[in-house]
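Written out below as structure tokens is the structure these notes cover.
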Amino acid sequence: MDNFAQIVESWHDFYHVIGDASAALMGLLFVSLSLNVCVVTRKANADLRLLAIQTFISYLSALMFAVIFLIPNQGIMGLGLPMLGIDVTVLYVTVMRIVETQRNRPLTWGKGSFAFRFAAPLICFVAILIIAASILMGNTSILYWFVPVIIVLFWIASINAWELLLRLGKPCKDASR
């Protein structure tokens with residue numbers, strides 16, 4: 001095992017915990033949204049849909065990053081390229097959610113709320129882009145910066161999920177929209 005693989009392997013437990021927690025919380029989010037699908041799909045609740053999508057993306061990206069870190073004997077390209085691919089994808093989706101939200105900003109969202117829901121994850125994804133590029137250049141010390149970024153992304157997603165659950169309220173009794 002080369003030095004790079006050993007360094008990545010030393011992060012195994014951290015990424016195992018992040019992956020497990022992301023998968024569990026993403027599953028709970030999916031179930032709660034499924035139980036309240038008639039609320040989420042109402043035109044009047046477009047803000048809930050946007051928040052649900054962004055929250056799901058944040059959990060899914062944390063899970064995918066964890067998965068690629070858990071692959072044994074990871075090399076520079078084997079870690080850096082998937083990180084870059086995942087990150088570019090989630091950056092694009094996040095920017096599209098920001099554009100959609102700017103077009104139809106929910107009346108209940110202030111600037112601070114918008115920044116927390118979308119700008120903070122965007123900053124995290126930009127930081128991950130820099131981290132992935134550094135990894136591709138062989139810089140392993142940058143892995144320490146990945147920890148706070150993933151923690152912040154996870155924290156934001158969890159707060160968004162909590163807000164979603166509070167706003168969903170009771171399940172609908174009818175299937176009409």
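The values are calculated or read from the model by the stated rules, or taken from the named source; none is laboratory data. In this text the structure is predicted, and so the values were computed from the model without any measurement. Neighbour counts run over all protein chains shown; Cβ positions are idealised from the backbone, glycine included.
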How many residues does the stretch 69-85 hold that are of a type in the set (A, V, I, L, M, F, W, C) and either over 28 Å from Leu29 (Cβ atoms) or surrounded by 19 or more Cβ atoms within 10 Å (Cβ to Cβ) (or both)? 6
Can you find a residue in the stretch 110-120 that is under 17 Å from Ile159 (Cα atoms), without any contact (Cβ under 8 Å) to a residue 12 or more places away in the chain, not aromatic (Phe, Trp, Tyr) and not in a helix (DSSP H, G or I)? yes
All positions within the stretch 19-36 that are more than 13 Å from the chain's Cα centre (by Cα) and either surrounded by fewer than 15 Cβ atoms within 10 Å (Cβ to Cβ) or of a type in the set (Ser, Thr, Tyr) (or both): Asp20, Ala24, Gly27, Leu28, Phe30, Val31, Ser32, Ser34, Leu35
Count of residues meeting criterion [assigned to a helix (DSSP H, G or I), touching a helix residue (DSSP H, G or I) at 6+ places or on another chain (Cβ under 9 Å) and in contact (Cβ under 8 Å) with a residue 40 or more places away in the chain] in the stretch 29-56: 15
List the number of the failed condition for Val88; all other conditions in (1) in contact with an Asp or Glu (Cβ under 9 Å, 6 or more places away or on another chain); (2) at pLDDT 90 or above; (3) assigned to a helix (DSSP H, G or I) hold. (1)
Among the residues of the stretch 134-142, is any at pLDDT below 90 and outside any loop (DSSP other than H, G, I, E, B)? no
On the given criteria, is Val17 farther than 23 Å from Ala127 by Cβ and of a type in the set (Val, Ile, Thr)? no
